[in-house]
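Since the structure comes first, as structure tokens, the remarks are kept for the end.
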Amino acid sequence: MFGCLAGNMQAEFSETVAMASDKDRLEKVVAAARREGDTRDKGYREQALKLYPHICGRCGREFNRQNLSELTVHHRDHNHDNNPADGSNWELLCLYCHDNEHQRQLEANSGKTVTVDGRRTPATFNPFAELRTLQDKNSKD
């Protein structure tokens, strides 16, 4: 009886050790990937900040030392490993414009388009199409 109990305890212990070592390995891999990503980000971010004026390429918002952390480097081809020294794949965007750009890319990739005869065409609905007419009508009244 004690032999069976000891065997079960040994099996549980071995399983616990195996799970702990798997978790340790995973944590080490994740930590290494984060360090590598941080190093890569600092490299091209610093280069882009030296090359370009601290202005959002979309909305034109200007950045200074206090809010420079809100200015991001956007990869035009969406490939974060494509970092030419001349900066031709980068543009500086504020957090909001950067998020908007990636959302547009996600929607384009997910097929949020209308299909006509097997061809993809962008949606054509414009919720503000009649806005000018309504404004003109209200200004006459």
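The values are calculated or read from the model by the stated rules, or taken from the named source; none is laboratory data. The structure presented is a predicted model; accordingly, all values stated were derived computationally and were not measured. Note that we place each Cβ from the backbone using ideal geometry, even for glycine, and neighbour counts take in every protein chain shown.
Below are the figures for this structure:
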| item | result |
| --- | --- |
| Matching residues in segment 36-94 - criterion: being in contact (Cβ under 8 Å) with a residue 40 or more places away in the chain, closer than 17 Å to Q105 by Cβ and in contact with a Cys (Cβ under 6 Å, 6 or more places away or on another chain) | R58 |
| Strands (runs of 3 or more DSSP E) lying entirely in segment 35-116 (those with 2 or more residues that are modelled with pLDDT of 85 or more and not basic (K, R)) | 71-75, 90-94 |
| Residue count, segment 25-63 (criterion: at positive phi and of a type in the set (F, W, Y)) | 0 |
| All positions within segment 32-85 that are crowded, with 16+ Cβ neighbours inside 10 Å and in contact with a helix residue (DSSP H, G or I) (Cβ under 6 Å, 6 or more places away or on another chain) | C56, R58, T72, V73, H74, N83 |
